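Enquirer: One structure is given below, represented as structure tokens, and several questions about it will come after.
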Amino acid sequence: MAAPASEIRLRVAAVLPYDGRIVLVRHRKGDAVYHLLPGGGVEVGESVGDALVREVREETGLIARAVRPLFISDAIAPDGSGHMVQLTFLAEVTGGELTALPADPRVEAVDLAVPDDLGAYDLRPPMGEALRLAAENGYSGEARYLGSLWSDGHGVPEAEDAPGTTG
């Protein structure tokens, strides 16, 4: 049986190349430290492009614009209780400055990752290899579906964006 529409969460994320590196946001939940691409939930009545601009600004201090879709992925709870769809866009920085104090309280810090080093990060959802390959290829090519990236309950980027939640 398909999940009701209210249990499907739409999230946008930005791949922001910055001085040969990729902008990541660091989260901490208890003792767990993990990274995400800047982004978050799309609000009702908000376009995915507007959500991307808003979330990047809140989390990094940068002003960005969506260039084109890179990836589509899912995070489906193993028990079927929820489903998140993430649209990941290549984005470009058009202004602002990286901040040491993100406006989003869930973000501990903004980090810059060398694409070849993404395997060393607890990246959620786990898409480091896809990001590394995209960077290696100059972010060219068609958008790709990466499938369901849930892994041991760590596929969902953050609790507020988890399947079946609001926030």
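Enquirer: Identify, please: which residue in the stretch 87-134 is among the β-branched types (V, I, T) and touching a residue at least 40 places away in the same chain (Cβ under 8 Å) and is, among those, farthest from P17 (Cα to Cα)?
Expert: V107
Enquirer: Kindly indicate which of D117, D122, D152 is at pLDDT below 90, surrounded by fewer than 15 Cβ atoms within 10 Å (Cβ to Cβ) and out of contact with any helix residue (DSSP H, G or I) (no Cβ under 7 Å at 6 or more places or on another chain).
Expert: Result of the check over D117, D122, D152: D152.
Enquirer: Is there a residue in the stretch 112-123 that is part of a strand (DSSP E or B) and over 23 Å from L10 (Cα atoms)?
Expert: yes
Enquirer: Still on this structure, I have one more. Does I22 satisfy the criteria of being surrounded by 15 or more Cβ atoms within 10 Å (Cβ to Cβ), of a type in the set (V, I, T) and either in a strand (DSSP E or B) or free of Cβ contacts under 8 Å to residues at least 60 places away in the same chain (or both)?
Expert: In short, yes.
Residues are listed down the side, and each one gets a yes or a no for (1) within 16 Å of the chain's Cα centre (by Cα); (2) aliphatic (A, V, I, L, M); (3) closer than 17 Å to G40 by Cα:
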| position | (1), (2), (3) |
| --- | --- |
| G82 | no, no, yes |
| V85 | yes, yes, yes |
| G95 | no, no, no |
| V114 | no, yes, no |
| L123 | yes, yes, yes |
| M127 | yes, yes, yes |
| L133 | no, yes, no |
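Enquirer: Something else about it: Can you tell me which residues in the stretch 28-84 are without any contact (Cβ under 8 Å) to a residue 40 or more places away in the chain, small (G, A, S) and crowded, with 16+ Cβ neighbours inside 10 Å?
Expert: A51, the sole residue that qualifies.
Enquirer: Still on this structure, I have one more. Test each condition in (1) crowded, with 18+ Cβ neighbours inside 10 Å; (2) out of contact with any Leu (no Cβ under 7 Å at 6 or more places or on another chain); (3) assigned to a strand (DSSP E or B); (4) at pLDDT 95 or above for E92 and report the one that comes out false.
Expert: Failed condition: (1).
The values are calculated or read from the model by the stated rules, or taken from the named source; none is laboratory data. Keep in mind the model is a prediction, meaning the values are calculated, not measured. FYI the Cβ positions are ideal-geometry reconstructions off the backbone, even for glycines, and counts take in every protein chain you see.
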